[in-house]
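Novice: Have a look at the structure that comes next, please.
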Amino acid sequence: MKIKLVGIILLVVLSSCVSKKEIFYLQDVDDFNNTSLVYDQITIQPNDILNISVGALVPETALPFNRNFTSESQQNSIEIMKLNGYLVSKDKTIIFPSLGAISVENMSTTQLERHIENELTEGGYLNDPTVNIRILNAKVTVLGEVTKPGTYSFTEERITLLQAIGYAGDLTIRGKRDDVLIMREVDGIRKVTHLDLTKSDWLDNSFAYVKPNDVIVVNQNPPKVTSAGYIGDIATVLGLTSVILSVIILVTR
């Protein structure tokens, strides 16, 4: 009876341990060293808010093509910039001074920059203009087993999946690292994929870089992991087993 009891306890302890293979990221990353990066083009989508700044050799000539701010502090405020930004309509157009309606369909911010520069030059509005465009309301939502679930804004042209998870404080010990769900909507089409973060092959996946309005969902590991937490090495397991055996011996004497 005692032997059976000890065996059952050992089985429970060992089965509740989380393998390092379940929690370590990019375990085969050395196989992907010195590989070329491929960036998926990020196209402008409806409801994007664009900050468009126009420059010229004579700065004063570009003033009619720039939204005015009452102070430098307002110019550096993202929220104020959003209010003064160009909202992309459902039919993927913006209304730009002098040029009127401009279609942004299938365009990246870089392509739209070149397009506006050409229109301003060919229309005789400016000589050698420079246009800079940034999406002001880009955001990613991270849900599930992360430290700080929520929606996070970013102004960079692109961020990586690991950066987005970092914004949320990393996965908890209960997070299922081998099955992270990502949902993405592009041009009215919803795409869903599952990535195994313990491996590195997803680094070549188009979902390795976050796009605006992506949703990342981290599901929970099986109940045995949830209830047990992480036991880091065999020494810890043996120590815990020793304590349990000592208690059993004292109780069953």
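The values are calculated or read from the model by the stated rules, or taken from the named source; none is laboratory data. Bear in mind the structure is a predicted one, so any value in this text is a computation, not a measurement. All Cβ positions, glycine included, derive from the backbone under ideal geometry; neighbour counts span all protein chains shown.
Novice: Can you pull out the residues in the range 140-154 that are touching a Ser or Thr at 6+ places or on another chain (Cβ under 7 Å) and in a loop (DSSP other than H, G, I, E, B)?
Specialist: 145, 147
Novice: If you scan the range 153-170, which residues turn out to be of a type in the set (Asp, Glu) and at pLDDT 95 or above?
Specialist: Residue satisfying the conditions is 170 alone.
Novice: Next question, about the same structure. Anything in the range 119-128 that is part of a loop (DSSP other than H, G, I, E, B) and surrounded by fewer than 20 Cβ atoms within 10 Å (Cβ to Cβ)? List them, or say none. Steps first, answer last, please.
Specialist: Filtering the range 119-128 for residues part of a loop (DSSP other than H, G, I, E, B) gives 123-128.
Answer for the range 119-128, where residues must be part of a loop (DSSP other than H, G, I, E, B) and surrounded by fewer than 20 Cβ atoms within 10 Å (Cβ to Cβ): 123, 124, 125, 127, 128.
Novice: Could you look through the range 102-118, keep only residues that are free of Cβ contacts under 8 Å to residues at least 60 places away in the same chain and under 17 Å from residue 66 (Cα atoms), and pick out the one that is nearest to the chain's Cα centre (by Cα)?
Specialist: 113
Novice: Next question, about the same structure. Does the range 116-133 include one or more residues that are hydroxyl-bearing (Ser, Thr, Tyr) and assigned by TED's automatic domain parsing to the domain that holds residue 32?
Specialist: Taking every residue of the range 116-133 in turn, none turns out to be hydroxyl-bearing (Ser, Thr, Tyr) and assigned by TED's automatic domain parsing to the domain that holds residue 32.
Novice: Could you identify the single residue in 54, 88 that is at pLDDT 95 or above and touching an Asp or Glu at 6+ places or on another chain (Cβ under 7 Å)?
Specialist: 88
Novice: Taking the stated definitions as given, is residue 137 over 19 Å from the mean Cα position of the chain (by Cα), outside any strand (DSSP E or B) and more than 16 Å from residue 207 (Cβ to Cβ)?
Specialist: Working: over 19 Å from the mean Cα position of the chain (by Cα): no; outside any strand (DSSP E or B): yes; more than 16 Å from residue 207 (Cβ to Cβ): yes.
Spelling it out, it is not the case that residue 137 is over 19 Å from the mean Cα position of the chain (by Cα), outside any strand (DSSP E or B) and more than 16 Å from residue 207 (Cβ to Cβ).
Novice: Could I ask something else about it? Among the residues of the range 135-154, how many are in contact (Cβ under 8 Å) with a residue 60 or more places away in the chain, touching a Phe, Trp or Tyr at 6+ places or on another chain (Cβ under 8 Å) and either loosely packed, with under 13 Cβ neighbours inside 10 Å or not basic (Lys, Arg) (or both)?
Specialist: 4
Novice: Tell me whether the range 155-164 contains one or more residues that are surrounded by fewer than 18 Cβ atoms within 10 Å (Cβ to Cβ), touching a residue at least 24 places away in the same chain (Cβ under 8 Å) and in a helix (DSSP H, G or I).
Specialist: There is at least one residue in the range 155-164 that is surrounded by fewer than 18 Cβ atoms within 10 Å (Cβ to Cβ), touching a residue at least 24 places away in the same chain (Cβ under 8 Å) and in a helix (DSSP H, G or I).
Novice: Consider residue 111 against the criteria (1) in a helix (DSSP H, G or I); (2) of a type outside the set (D, E, K, R); (3) in contact with a strand residue (DSSP E or B) (Cβ under 8 Å, 6 or more places away or on another chain): it satisfies all of them except one. Which criterion is unmet?
Specialist: (3)
Novice: Would you check which residues across the range 171-226 are part of a loop (DSSP other than H, G, I, E, B), under 23 Å from residue 152 (Cβ atoms) and in contact (Cβ under 8 Å) with a residue 60 or more places away in the chain and list them?
Specialist: Residues satisfying the conditions are 173, 197, 211, 212, 213.
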